1. Looking only at the range 1-34, filter to residues that are at pLDDT 85 or above and part of a loop (DSSP other than H, G, I, E, B); which one of those is surrounded by the most Cβ atoms within 10 Å (Cβ to Cβ)?
2. Quick one: would you say residue 71 is touching a residue at least 40 places away in the same chain (Cβ under 8 Å) and over 28 Å from residue 115 (Cβ atoms)?
3. Considering the range 73-91 alone, what residues qualify as being out of contact with any strand residue (DSSP E or B) (no Cβ under 8 Å at 6 or more places or on another chain) and loosely packed, with under 13 Cβ neighbours inside 10 Å?
4. For residue 77, only one of the following conditions fails: (1) over 26 Å from residue 6 (Cα atoms); (2) at pLDDT 90 or above; (3) in contact with a helix residue (DSSP H, G or I) (Cβ under 8 Å, 6 or more places away or on another chain). What is its number?
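The values are calculated or read from the model by the stated rules, or taken from the named source; none is laboratory data. In this text, all values refer to a predicted model and were calculated from it rather than measured experimentally. Every residue, glycine among them, receives a Cβ derived from its backbone with ideal geometry; neighbour counts consider all protein chains shown.
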């Protein structure tokens, strides 16, 4: 499947809708389950919020405005195995895996940066 701006827009819209419905805070490491729109990717079903690791570290550093800290975050689609890895080892470890694997966060067909445990299967996205 080839990624497109329309698919990316649908994915972000689905994530925003989930944030609004769930009322969950948007913070680094937050995982949102099953937010990928139907047909976007057979394996990238979930999303995680991470500090922008694709760009220069200083370009998107957190800022304190009045009494609140404002941080830039990027939404990254993740596989079932990546989700489980993050729950077990933390988002910093997952981000390190992403950086070592040099994942293409824009590719809806990218391979997982984490292999599922032996005998575990990743579920394809439901239509």
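1. Selected residue: 30.
2. Details: touching a residue at least 40 places away in the same chain (Cβ under 8 Å): yes; over 28 Å from residue 115 (Cβ atoms): yes.
Yes: the conditions hold for residue 71.
3. Within the range 73-91, 88, 90 qualify.
4. (1)
Per-residue answers, yes or no, for (1) in a loop (DSSP other than H, G, I, E, B); (2) at pLDDT below 90; (3) within 12 Å of the chain's Cα centre (by Cα); (4) surrounded by fewer than 13 Cβ atoms within 10 Å (Cβ to Cβ):
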position: 38; (1), (2), (3), (4): yes, yes, no, yes
position: 41; (1), (2), (3), (4): yes, yes, no, no
position: 52; (1), (2), (3), (4): yes, yes, yes, no
position: 58; (1), (2), (3), (4): yes, yes, no, yes
